[in-house]
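A quick write-up on the structure given underneath.
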Amino acid sequence: MLLSNLLKLLNDYECENYKDVEITGLSYNSLNTKEGDIFICIRGEAQDGHKYAKNAVEKGAKALFCEEKSDVDVPQIIVKDTKRTMANIAAAFYNEPSKELNLIGVTGTNGKTTVTHLIQKILEENNETCALIGTLGYKLSSTDDYKEAKHTTPQPPELQHDLRLMADKGIKNVVMEVSSHSLEQNRVGCCDFDGAVFTNLTQDHLDYHITMGNYFKAKAILFENLKEGAFAVINADDEYAKDFLSIIPKGVRILTYGVKKEADVKAEHINFSVDGAELTANFQNISKKMNLHLNGMFSVYNALAAFTAALLMNIEVQTIIKALENTKSVAGRFEIVNKKPLVIVDYAHTPDGLENVLKAARELTPKTSNLICLFGCGGDRDTTKRPKMGKIADELSDKVVVTSDNPRSEDPQLIISDIMTGIKTVDTQRIFVEPDRREAIKFLKTIAGADDVIVIAGKGHEDYQILKDKTIHFDDREEAKKVFGV
């Protein structure tokens, strides 16, 4: 592609050493730069890409996309913020693939992964192709293997590359998890969304957003930019529902869903068992029963979100229900890895997420048995949620094992100390501390009876643990199966 064509989605820029060179790739890490690339100079938390401009040119970069002039003899496109406008360059290079797709974005603190999987299943049940992009990576169909991703929502060059791949393969629909970071950083800029789904908004990422108001504003970007004719799905029970509804542009089709408040799609007569959730969905003066393999009230909300999105895509109700009823659990989301005792692994790593999972697990705990919670909190992340999660685990569980999650650069003991400040009374018969997560999971066998229910929370599908000096292989599901002899 000629450099002149690459600039078609940019409005405010200057040029140095301009000539219309041929660009054959994009890179923002000089180690990965190839002959013919345009090198994008990004200012990150640890590194400044401008310092590596010469390295990139020596490796074959034909142009720079930058914020300041570098002493290199190649065309330089200078903008105020390369990180925010990288999406424009990436979309132009891949010829705006989202315009060829029915692109659905799912955002919220919890539930994004499950909702995207459910929507994918529904579309495939309707004999449509649907790819998925999210926390677990991307996959071209529900039966495809995941391709690994570094972020819930990829950086623009990878995202636009993946969308182009999907469009060129003839895939018609893509459902994507859209994180607050990606919205605030404009990673999904130039993505043409046909629909957006809001799951919930509770405390998370305040180390980045600082306030819940900023967190809401980031999430709201997805809905503010919907075009006329697109659709929006909003959780009516969430305290931010009215705020989201107020910023959706005119001409966007809107449906709400919920359990407690009035909503366009409402679940009633909800019952839980080890096998899943039973409910009745009421909408448009119609009532339909569903038997889900998914469990917990949060799963009811996730199913309602996908159900409502499918209605707005004009999919037949029986097709929607069949897909939802045939869906098993998503990896690391209330995933049962042992029956006696019942061991559940879940990704819950926020106060709201942990509360939801423990309440769902309590529904499955016999009255004479114990609910046991094992969890930790991530290092280098929002510290204010640590005592809150300690308090929730203490109040909702019969026994608690506090351990490490991904401590990163922090001392695991200090993270645990933060958690312990939320626990009212440290009763040594029910509150236990073991910083080594593997040993903590082994310890569960010494305190759990055959009819007890154990929740191992925080890491879910992750198969690694990030320590101060290294990342090691670690999978809660594998460790639990070793301990309980599966």
quick shape note, segment 61-160: Cα extents on principal axes in Å, largest first -> 55, 28, 21
Calculating Cα Rg over 2.2 N^0.38 Å from this structure picks out, from (1) 1.03; (2) 1.13; (3) 0.97, entry (1)
In segment 312-417, the GluC sites (Glu not before Pro) that sit in a DSSP loop and have at most 13 other Cβ atoms within 10 Å of their own Cβ are Glu316
Checked segment 335-483 against the a/c 1.5 cut and the a/b vs b/c comparison, axes a ≥ b ≥ c from its Cα gyration tensor; verdict oblate
Restricting to Cα pairs under 8 Å and 6 or more apart, the percent relative contact order of segment 97-326 works out to 21
Reduced to Cα centres, the span from segment 408-431 to segment 41-59 in Å works out to 41
For the chain, any Cys whose C-beta has no other cysteine C-beta under 4.7 angstrom counts as unpaired, and these are Cys15, Cys130, Cys190, Cys191, Cys373, Cys377
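Counting other Cβ atoms within 10 Å, which trypsin sites (Lys or Arg not before Pro) in segment 343-450 have at most 13 and lie in a DSSP loop?
Lys367, Lys424
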Given unit charges at Cβ for Lys, Arg (+) and Asp, Glu (-), the dipole magnitude of segment 1-112 about its Cα centre in debye, nearest 20, is 340
The rounded separation in angstrom of the Cα centers of segment 437-482 and segment 275-341 is 28
Here D for segment 281-390, in µm²/s, from Stokes-Einstein with a Kirkwood Rh over Cα pairs at 25 °C and 0.890 mPa s, works out to 153
Residue ranges of DSSP H helices in the chain that stretch 27 Å or more (Cα, own long axis) and have mean Kyte-Doolittle hydropathy of at least 0.5 are none
Asserting the computed 222 nm helical MRE of the chain (DSSP H runs at least 4 long, -39500 (n - 2.57) per run, divided by residue count, to nearest 500) equals -9500 deg cm²/dmol
Projected area averaged over all directions for the convex hull of the alpha carbon atoms of segment 423-483, nm², comes out at 5.3
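If you take the alpha carbon radius of gyration of segment 3-93 and divide it by 2.2 N^0.38 Å, what ratio comes out, to two decimals?
Taking the Cα Rg and dividing by 2.2 N^0.38 Å, one obtains 0.94.
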Answer in debye to the nearest 20: the dipole magnitude of the chain about its Cα centre, from +1 Lys/Arg and -1 Asp/Glu charges placed on Cβ, is 740
Here, Glu224 and Glu268, labelled 7 Å along Cα→Cβ, have an inter-label distance in nm of 3.8
Expressed in Å to one decimal, the Kirkwood Rh of segment 161-300 from all distinct alpha-carbon pairs is 17.0
Among trypsin sites (Lys or Arg not before Pro) in segment 44-122, those in a DSSP loop whose Cβ has at most 11 other Cβ atoms within 10 Å are Lys80
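No value in this document is a laboratory result; all are computed from the given coordinates. Everything quoted here is computed from the prediction, not taken from an experiment. Quick reminder, even Gly has a Cβ in these numbers, built from the backbone with ideal geometry, and neighbours come from all protein chains shown.
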